Amino acid sequence: MMMRVRQDGDEPLKVVLLGSGTVGTQVARLILEHGDDFAARIGRPLELIGIAVRDLSRQRPGLPAGLFTDDPQGLIDRGEADIVIELIGGIDPARQLILSAIEHGASVVTANKALLAAHGEEIFDAAELAGVDVYYEAAVAGAIPIIRPLRESLVGDSIRHVMGIVNGTTNYILDKMTTEQTDYEAALVQAQDLGYAEADPTADVEGYDAAAKAALLASLAFHTRVNGDEVHTEGITRIVQDDIRAARDVGCVVKLVAIAKQLDDDQISVRVHPTLIPLGHPLAAVGGAYNAIFVEADAAGRLMFLGPGAGGAPTASAVTGDLVTVARNRARGVAGPNQTIYNELRVADMGAVQTRYFLRLRVVDEPGVLATIAAILAHHKISVQTVLQTPADSSGVRDGASAELSLMTHMATESDLLACLSELKANPKVRSEVRFLRVEGM
C-alpha cells in the first residue's frame, strides 16, 4: 500500500509532538529555532502544530503557549499531522496513540524502547500496511547512531555478535565503584544528583531498560522477532566492592552488558547482566554515562560505536535526526526501509549459553580443599584456567580457618555451572555463598 502523503510543493510538513519533558522540550526548541536549517536539509519546511502534555499549568519558557494541549488523541484525530513524535514513554497510552497516528497516515518518530520491545511487531506491521515510517534511533544508546547502521548500512552483511553498554546510569555507577571505590548506594545517589538516574531507578539498575534495548538490537541484527520478556535480565544491585576488587585483581572491570549472539543456525542468545570485561577490550575503557556498542559481522569485521547514552541534548539529537530523515521521505512521497524480519530464530534458554565464569568462594583453609573443589568442577565439565588463593582476612594475616578462592574457568554452559554451584553450596568445605560473574571478551 502506498503512503498517504500530501504532495503540496513547498507546503510545510506538519509535526505533532507527544510529550514535553527534558527531551521533548529540547526537540520542540530545535524545531522552532532551526527551522531554516531543517527546511534546507529536507526540501520542505516543518511546522510544529501541537504539543501534548500532561500538565498544562507547568511553565515552559520559550515555547508558545498556544501549541500545548492535554488531549493527545484529539491532536492526532485532527488528521493534519504528517509526522508524530512520541516521547511520553511507557506502554499505554503511547501504544494506542502511535497506532492511531499510523491509521491517520502519519509517520512516527519515537524513543520508546519499552513499547517497541513489547509491541514492536504490531506497530511495524501497521506502519508497513499504511506505507509510513517508524524510526526509533533514540530508543537505543542516546545520540549513538546504531539503529540505522544495523537497519541499513549493515543490512547486506551477516552479523554474528552485538555486545554493548547501553545504559548510561548503570555504567556511571559501576565506573564510580571502580575508579573511586565508592559503594553502590553512594554511587547511585551521585547518579541521581547529576540527573543520570531517576528518583525510582529500578528500570535502570535492575537491567530492564537495557533488556528492552537488547531486544531491539537483536531483532535488527538477526532479522528475527525478539521481545523484551525473552531477554535474560540481571541488574547491578548485588554488585559490591569485593566484586570490583576481585575483577581488578584478574585484569578486568565489571560492566552491565547487553549481549546478542548467534549460537547456531536456529538459535540466538540475548541477555543482559553484569559482566567481567578484560582491560584490553574496547568496552572496558568506556566510563561515566557513556554508551558503547561492539558489533561483529562477517564482512565488515569488528565495529565500535561510542557516545553519550543519556541526557536531553544527545537524545534530542537522535530524535531530530530521525525527524529529518522521515520528513525527507514524506517530501518525496516514499517510505524508508522497514524492519527486515524473515528469520524465526529461537532465543535460547540461558542454560544453553556458553561463556567463561569467574567464581569466588570462601573455603576451609586446609590441605586438600583445592583438590576437592577442582574435582567438583571437573565432575560438572567445568575446566579451570586460573586459580588465586588469598586469606579471607582483609589484613592479609592467614588465620588458619578460611581462605578465599578466585577461579577463572574456560568455556562452560550455564546449566553445568548452576549444577556445580549447587554441589559446592552443599559441600562442608565451602564456608560462603559462591559468587560468580560471567566473562566476555577473552
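Restricted to region 62-87, and to residues that are without any contact (Cβ under 8 Å) to a residue 40 or more places away in the chain and assigned to a loop (DSSP other than H, G, I, E, B), which residue is nearest to residue 48 (Cα to Cα)?
Among residues in region 62-87 that are without any contact (Cβ under 8 Å) to a residue 40 or more places away in the chain and assigned to a loop (DSSP other than H, G, I, E, B), the one nearest to residue 48 (Cα to Cα) is 64.
Pairs needed: first member in region 410-433, among the charged types (D, E, K, R); second member anywhere, part of a helix (DSSP H, G or I); C-beta distance under 6 Å; at least 6 residues apart or different chains.
414/350; 414/351; 423/376; 429/369; 429/372
Could you grab the pairs with beta carbons closer than 6 Å, sequence gap of 6+ or different chains, first residue in region 1-28 and under 14 Å from residue 332 (Cβ atoms), second one modelled with pLDDT under 50?
none
Would you check which residues across region 354-371 are part of a strand (DSSP E or B) and of a type in the set (A, V, I, L, M) and list them?
Step one: of region 354-371, the residues part of a strand (DSSP E or B) are 354-364.
The answer is 359, 361, 363, 364.
Out of the residues in region 1-59 that are of a type in the set (S, T, N, Q) and part of a loop (DSSP other than H, G, I, E, B), state the one that is modelled with the lowest pLDDT. Spell out how you get there, then give the answer.
Within region 1-59, the subset of a type in the set (S, T, N, Q) is 7, 20, 22, 25-26, 57, 59.
Going one step further and asking which of them are part of a loop (DSSP other than H, G, I, E, B), we end up with 7, 20, 57, 59.
Numbers: 7: 45, 20: 91, 57: 87, 59: 85.
That would be 7.
Pairs, please: C-beta under 8 Å, at least 6 apart or cross-chain, first residue among the aromatic types (Phe, Trp, Tyr) and in region 273-292, second part of a strand (DSSP E or B) and surrounded by fewer than 20 Cβ atoms within 10 Å (Cβ to Cβ)?
290/306; 290/307; 290/308
State all residues of region 88-122 that are part of a loop (DSSP other than H, G, I, E, B), over 21 Å from the mean Cα position of the chain (by Cα) and of a type in the set (A, V, I, L, M, F, W, C); if no residue qualifies, say none.
Within region 88-122, the first condition is being part of a loop (DSSP other than H, G, I, E, B), and the residues that meet it are 88-93, 104-106, 111-112.
Going one step further and asking which of them are over 21 Å from the mean Cα position of the chain (by Cα), we end up with 93, 104-106.
Listed by number, the list holds a single entry, 106.
When region 398-441 is examined, which residues are found to be among the basic types (Lys, Arg) and either more than 26 Å from residue 365 (Cβ to Cβ) or under 27 Å from the mean Cα position of the chain (by Cα) (or both)? First the steps, then the outcome.
Filtering region 398-441 for residues among the basic types (Lys, Arg) gives 398, 425, 429, 431, 435, 438.
Passing the criteria: 435, 438.
Based on this model, can you work out whether residue 91 counts as β-branched (Val, Ile, Thr) and either loosely packed, with under 15 Cβ neighbours inside 10 Å or touching a His at 6+ places or on another chain (Cβ under 8 Å) (or both)? Step through it out loud before you land on a result.
Working: β-branched (Val, Ile, Thr): yes; either loosely packed, with under 15 Cβ neighbours inside 10 Å or touching a His at 6+ places or on another chain (Cβ under 8 Å) (or both): yes.
Spelling it out, residue 91 is indeed β-branched (Val, Ile, Thr) and either loosely packed, with under 15 Cβ neighbours inside 10 Å or touching a His at 6+ places or on another chain (Cβ under 8 Å) (or both).
The values are calculated or read from the model by the stated rules, or taken from the named source; none is laboratory data. Just so it is clear, the structure is predicted and the values come from calculations on it, not from any experiment. Here Cβ is always computed from backbone atoms with ideal geometry, including for glycine, and neighbour counts include all displayed protein chains.
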